Amino acid sequence: MDQLVRIAVQKSGRLSDDSLSLIKECGIKFYNGTGKLKSTSTNFPLEFLFLRDDDIPGYVADGVADIGIVGHNEVAEKAKEVVLLKKLGFSKCRLSLAIPKGTPYSSLSYFEGKSIATTYPNILGNFLKQHQIKAEIHEISGSVEIAPSIGLADGICDLVSSGSTLMMNGLKEVQEVFTSEAVLIGNPKLTDGKKTILDKLLFRINAVQTGKSNKYVLMNVPNSAIPKIIQLIPGMRSPTILPLAEEGWSSIHSVLSEEQFWENMDELRAAGAEGILVVPIEKMVI
Ligand code: PRT
Ligand code: ZN
């Protein structure tokens with residue numbers, strides 16, 4: 001049988017949809033009917049294992065899966081022997097220390113001798129050690145945010161994205177401990193055949209990511225303004241210039257990062273560009 005790479009993705013949760021969308025955007029087809037634990041792509045040598053996110057670093061380290069998509073926070077907490085292959089840019093969040101809203105706070109020394117509830121005892125333990133703070137860590141498995149109000153701990157260390165969970169529970173974020181996003185991890189000892197497949201997958205992921213961070217931009221410009229506009233939108237190699245039916249006008253096409261586009265927008269219009277279209281790019285290979 002030809003070789004397959006096994007990828008572990010979260011079965012259901014905050015990472016699942018974005019993980020599967022990324023794989024689909026890479027042109028990889030598969031079926032993941034509800035309740036399925038395994039699936040194989042029909043057009044790429046990839047087999048899927050649908051798992052709980054907590055188990056993914058361990059399964060990848062043990063070689064049950066070759067690669068996996070999981071939060072960087074889980075990778076750091078589990079401290080298994082895996083290679084971080086790529087940051088994926090979704091499921092961004094931070095692991096932060098928080099305390100009751102009304103409590104005065106000036107520095108990390110607040111936590112000296114205090115108790116902190118968390119589901120991330122290793123990351124928190126290392127952080128406190130690094131800052132020479134001695135605090136008692138209460139490891140709990142969920143609903144960390146209620147710990148201070150029921151008298152279980154003085155503060156908490158939990159994942160935050162919008163901050164509304166902390167607010168609703170009368171807590172304030174006082175210190176960021178770890179920043180996280182979804183990452184692609186791999187077993188450190190993949191066979192050469194599996195590495196070749198992984199390289200193909202990484203090539204596609206890069207093309208999708210580069211495409212997402214760039215835009216295809218088209219605009220009409222008077223011919224006299226072309227030199228100035230070319231300076232503003234350099235493009236991949238150089239912009240495409242096509243004559244319009246109307247004498248003295250051209251259409252300029254280029255590829256820009258979204259940021260670059262907004263930065264240069266006013267100058268482009270001042271230089272005479274009009275009818276500006278900004279189109280998303282699905283994939284981009286540079
Ligand atoms: O069932 P399984 O074990 O697979 O999933 P899970 O319930 O353990 O994890 P899940 O799906 O909740 O989260 C998976 C991953 O998503 C996490 O490991 C993080 O990498 C990432 N992520 C991103 C988050 C958040 N944002 C997040 N906001 N994980 C959890 N939260 C929780 C947080 O714990 C808190 O309860 O959301 C609440 C805070 O959100 P805000 O927006 O109110 O600040
Ligand atoms: Zn989990």
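So here's what we get for this one:
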item: Criterion violated by Thr103 - all others in (1) β-branched (Val, Ile, Thr); (2) surrounded by 16 or more Cβ atoms within 10 Å (Cβ to Cβ); (3) outside any helix (DSSP H, G or I) satisfied; result: (2)
item: Residue match in the range 52-60 (condition: away from ligand 1 (no atom under 15 Å from the Cβ) and β-branched (Val, Ile, Thr)); result: no
item: The one condition in (1) open to solvent by 40 Å² or more (accessible area, probe 1.4 Å); (2) within 16 Å of ligand 1 (Cβ to nearest atom); (3) outside the structural domain of Asn126 (by TED's automatic domain parsing); (4) touching a strand residue (DSSP E or B) at 6+ places or on another chain (Cβ under 8 Å) that Pro45 fails to fulfil; result: (2)
item: Count of the range 155-164 residues which are open to solvent by 70 Å² or more (accessible area, probe 1.4 Å) and more than 16 Å from ligand 2 (Cβ to nearest atom); result: 1
item: Search result, residues across the range 140-154 that are within 16 Å of ligand 2 (Cβ to nearest atom) and open to solvent by less than 30 Å² (accessible area, probe 1.4 Å); result: Val144
item: So Asp17, is it farther than 19 Å from Leu198 by Cα, assigned to a helix (DSSP H, G or I) and within 14 Å of ligand 2 (Cβ to nearest atom); result: no
item: Helices (runs of 4 or more DSSP H) contained entirely in the range 154-237, each with at least 2 residues that are at pLDDT 95 or above and either out of contact with any Leu (no Cβ under 7 Å at 6 or more places or on another chain) or of a type in the set (Val, Ile, Thr) (or both); result: 164-168, 192-212
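The values are calculated or read from the model by the stated rules, or taken from the named source; none is laboratory data. All values derive from a computational prediction rather than experimental measurement. Cβ: placed from backbone, ideal geometry, glycine included. Neighbour counts: every protein chain shown. All accessible areas refer to the heavy atoms of the entire protein, side chains included, with ligands and DNA or RNA removed. Shrake-Rupley method; radii C 1.70, N 1.55, O 1.52, S 1.80 Å.
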